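These notes concern the structure reproduced below.
The values are calculated or read from the model by the stated rules, or taken from the named source; none is laboratory data. These figures come from a predicted structure and were not determined experimentally. Cβ atoms come from the backbone with ideal geometry, glycine included; neighbour counts cover every protein chain shown. Just the protein is used for accessible areas: all its heavy atoms, side chains included, with ligands, DNA and RNA removed. Shrake-Rupley method; radii C 1.70, N 1.55, O 1.52, S 1.80 Å.
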Amino acid sequence: MGLLLVVTLILEFTYLADYDSHWWNAIPAFYALWGIISCMVIIYVAKFVSNNIVKRSPDYYDR
Amino acid sequence: MIAEFVTIPGIILMIGALILSLVPRDLRSSIFLLFPIAALFFVFTRPEGYEVTATLAGLDLVLMQVDSLSRLFGIIFSATALIAGIYAWHIKDLGQQLAALVYAGGAIGVTFAGDFFTLLVFWELMAISSTWLVWARRTPSSDAAGMRYLIVHILGGGILLAGILWHLADTGSLLVETLPQSTNIASILMLIGVAINAAVIPLHAWLPDAYPKATVTGAVFMSAFTTKSAVYVLMRVFPGWEVLTWFGAAMAIYGVIYAVICKDMREILAYHIVSQVGFMVCGIGIGTDMALNGSAAHAYSHILYKALMFMGAGAVLYATGTTKLVELGGLKKKMRWTMIFYMVGAFSISGLPLFNGFISKAMTVDAAGYAGNETAMLMLLFAGVGTFLSVGLKLPYFTWFDKEESDIEVKPLPVNMYIAMGITAFLCVFYGLVPGALYTYLPFQPVDYEPWTVYHLVEISQIALLTFAGFWIFRKKLAGERIIALDVDWFYRTPAPFFRRVFVNAIDNFFGWVEALAFRITDKLVGRFDNPMKWLNPFSKEENHARTYSPPMEMVMAFVILVILVFGIFLVL
């Protein structure tokens, strides 16, 4: 998997160096960063929302 | 006329439901499959521009109208009815089979309806029949969830009807047509009515409430029809409404956050429908040709892989009796084929290369970018990460891996379940490898989107690889627990006992009180008037009984009756 990542990065820097349809194409490895950051944000937001607001025991509505 | 009427694909399935109820038990599930095949045949053979019209109470109705958009949805709805019918082949429960046929017929009928009245009739049939698929589970929680589902949908249908009537009064037209973006009350009522069925937040809570409680096979039908027929109507009537862009993008994110929170297979998948429909709604809001093509293609692909994933989850429920992640894990040896088929669906939904989501999801997301809406595009990419994380990694990891070997006893699956999953998995891969097969049916031709670019491959693989890395690091945080997650249905479930007291019990009590009062008054009056002799002879203390009537008294009464009779006769003459 690490290998695959390296391959995509090489592809990005060789084939797509001048690709600029979006502003974020200027950032190297943007999609990799977006992936890991989104992933962490989602997990932490989900845990936060779950623990603080919406988590209940399964019989919550039956009481 | 009759021949045209009965070959409307939606009507075929309704008639099928009638016939099916007369078929012997053991033949029923095989006969079931004939009707979707017939519907599929007529969907394919009716030319574009074909119409069936009728007149009812002075209104011109268009019962069926074929164009490229309705044909695309007609194909996938009929095909799903067929595949889900195969999946449910072992079911002998007549109620479920009839409900499923009527439900599919309703969805296909909505797709081909050329006027709002026909559309509404099929719409309501869909709501009622799908409720039965929840109730057929026959547990107390599914009874209650089905009732909530029905109430929400009847409310949605009512709002839609109000909008349609208002629209009719304004324009005098019932034809299904594109409405210009406006703050016209008629259009907004219709939009809300449709948005309830499309599970647009905050009107979505019925979906994750009801779907996880439906029967194993019912959930497969449900995952395909209700939301996607609403997506079709949105696409037909409200393309380019900007509000949909933002609601769609918000839905996409909201759905995946909840999919990460939830700990039950089918609940995760249900929330994930909200997220996926968000992609489609967002594309409809953007409203360019490419975005609408993307939404239509995504609906098409989504129905396939979501049905596949619900089949996988249903198979786990059938085999083990539970879908709670905390009780599952380590099934990789015992349910290997289910896992493989499920993973095809999961990879498709995550938009990985070689699968159909790679085409359709990317088309929708890129359409947002091309239309200059980069914020919406980033929101959708963000939601895409959550998709892979929740249904592509978390759900399968805690179902099939995590432990070495599960000690749950696994019931063998009927062969037809494997066949249905196999067909669907094949289609997911097929459309991923041969996107042209789907492109020819898209509403806006020519489709000039090329998914197989280096850029797109780099984009998808980097996102997927790093999402996997993130999951692996934090996987302990996502493990199964025994919890439920509150959602906006809290706002109607918690005060429900109060409202029941005010609107049901109080009214019941009032009627009860009036009834008791009426009986009491009757009782009093009867006591007073049961013996007219008391009144005719008020001066006597003794009780008068009929048998003691004296002849003179009888004569007086006979005379009175005679006079009344004579008067009556004169009056009539």
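Worth a mention:
- With helices as the sole contributors, chain B gives -22500 deg cm²/dmol at 222 nm; each DSSP H run of n ≥ 4 counts as -39500 (n - 2.57), and the sum is divided by every residue.
- Residue (of A:PHE30, B:PRO495, B:TYR87) at the positive-pole extreme of the protein assembly as shown, dipole from beta-carbon charges: B:PRO495
- The mean of 1/r over all pairs of different alpha-carbon atoms in the protein assembly as shown, once inverted, gives a Kirkwood hydrodynamic radius of 26.9 Å.
- Taking the centroid of alpha carbons for each part, the stretch B:246-320 and the stretch B:163-235 are 16 Å apart.
- Heavy-atom accessible area order for B:TYR254, A:TYR31, B:TYR397, largest first, 1.4 Å probe: B:TYR254, B:TYR397, A:TYR31
- Inter-part distance where the stretch B:77-144 and the stretch B:375-428 are each reduced to a Cα centre, Å: 24
- The B:LEU175 and B:PHE444 beta-carbon pair, evaluated with R₀ = 25 Å, returns a calculated FRET efficiency of approximately 0.75.
- Angle between chain B longest axis and helix B:289-320 axis [Cα atoms, degrees, rounded to 10]: 80
- Qualifying trypsin sites (Lys or Arg not before Pro) in the stretch B:15-119, where qualification requires a DSSP coil assignment and no more than 12 other C-beta atoms within 10 Å, comprise B:LYS92.
- Computed with a 1.4 Å probe on the full set of protein chains, the accessible area for B:PHE77 sits at about 0 Å².
- Solvent-accessible surface of chain B, taken per residue with a 1.4 Å probe and all protein chains present: 41 Å².
- The value for chain B of Rg(Cα) / (2.2 N^0.38 Å) is 1.23.
- Percent accessible area from carbon and sulfur atoms, the protein assembly as shown, protein chains only, probe 1.4 Å: 70
- Among the trypsin sites (Lys or Arg not before Pro) in the stretch B:304-356, those located in a DSSP loop and surrounded by at most 13 other Cβ atoms within 10 Å of their own Cβ are B:LYS333.
- Against the criterion of solvent-accessible heavy-atom surface with a 1.4 angstrom probe, B:ILE159, B:ILE83 sort, most first, into B:ILE159, B:ILE83.
- Shielding of peptide A:46-53 by partners, expressed as the average count of other chain Cβ atoms within 10 Å per residue Cβ, is 5.
- Loop-located GluC sites (Glu not before Pro) in the stretch B:342-423 (DSSP state not H, G, I, E or B) with no more than 11 neighbouring Cβ atoms inside 10 Å: B:GLU404, B:GLU405, B:GLU409.
- Folded to 0 to 90 degrees: helix B:9-20 orientation relative to chain B principal axis, Cα: 60
- Peptide B:466-472 has a mean shielding of 6, counted as Cβ atoms of other protein chains within 10 Å of each residue's Cβ.
- Taking Cα atoms only, the orientation of helix B:336-349 departs from the longest principal axis of chain B by about 90 degrees.
- Per-residue mean of foreign Cβ neighbours for B:488-495 is 1 (Cβ atoms of other chains, 10 Å radius).
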